[in-house]
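The values are calculated or read from the model by the stated rules, or taken from the named source; none is laboratory data. Remember, it's a predicted structure, so these values are computed and weren't measured experimentally. All Cβ positions, even for glycine, are placed from backbone atoms using ideal geometry, and neighbour counts span all protein chains on display. Accessible surface is based on the protein model in full, side chains and every heavy atom, while ligands, DNA and RNA are left aside. Shrake-Rupley method; radii C 1.70, N 1.55, O 1.52, S 1.80 Å.
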Amino acid sequence: QGQLLESGGGLVQPGGSLRLSCAASGSIFDVYAMGWYRQAPGKQRELVARIRSGGDTYLSASVKGRFTIAGDIVKRTVDLQMNSLSPEDTAVYLCYAHRIGRVNLWGQGTQVTVSS
């Protein structure tokens, strides 16, 4: 079974930008959607953005207007462009693949820290 590999996290100042990338390593079958969740300390895991195989996208209200998701479900890639970052965006960001009739596949997570 394939894996999801994330890159692009790091430390950025408030107001800055980061781009997260996620790509499949190996074969991953029956993917219907891909996207990003985030998990901050003491908070529930939150769906940040998602793209479906038909191309439609979802962005949570907390990031709409600042983040953009782009991806290719066939190629099993998804990117998250994050602009105007604030300390409230600090979290571990996890890439996921929603699969038809199978359990979701998760990346290992990448840390995003927004701090001056």
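Solvent-accessible surface of the chain, taken per residue with a 1.4 Å probe and all protein chains present: 52 Å².
Taking all protein chains as they are arranged and a probe of 1.4 Å, the heavy atoms of Ile51 leave approximately 10 Å² accessible to solvent. Heavy-atom accessible area for Ser116, with the other protein chains in place and a 1.4 Å probe, reaches approximately 130 Å².
When DSSP assigns beta bridges and you keep just the ones with both residues in the chain, what percent turn out antiparallel, to the nearest 5? Once the DSSP bridges in the chain are tallied, antiparallel ones form about 90 percent.
FRET efficiency for Asp56 and Leu11, Cβ-Cβ distance as r, R0 = 35 Å, nearest 0.05? Intermediate values should be presented prior to the final figure.
Values: r = 33 Å, r/R0 = 0.93.
Efficiency, from the Cβ-Cβ distance: 0.60.
Max-minus-min Cα coordinates of segment 35-77 on each principal axis give 35, 21, 12 Å, with the largest extent listed first. Heavy-atom accessible area for Leu11, with the other protein chains in place and a 1.4 Å probe, reaches approximately 130 Å².
Computed over segment 24-116, the Cα gyration tensor eigenvalues convert (square root of 5λ each) into semi-axes of 23, 14, 11 Å, ordered from largest to smallest.
Figure note: Trp36, Trp106 ranked by solvent-accessible area, largest first, 1.4 Å probe, ligands and nucleic acids not counted: Trp106, Trp36.
If you build the convex hull over the alpha carbons only and average its shadow over all orientations, what do you get for segment 67-108? Give it in nm² to one decimal.
On the way: hull surface 15.1 nm².
That works out to 3.8 nm².
Surface composition of the chain: carbon and sulfur make up 49 percent of the accessible area, probe 1.4 Å.
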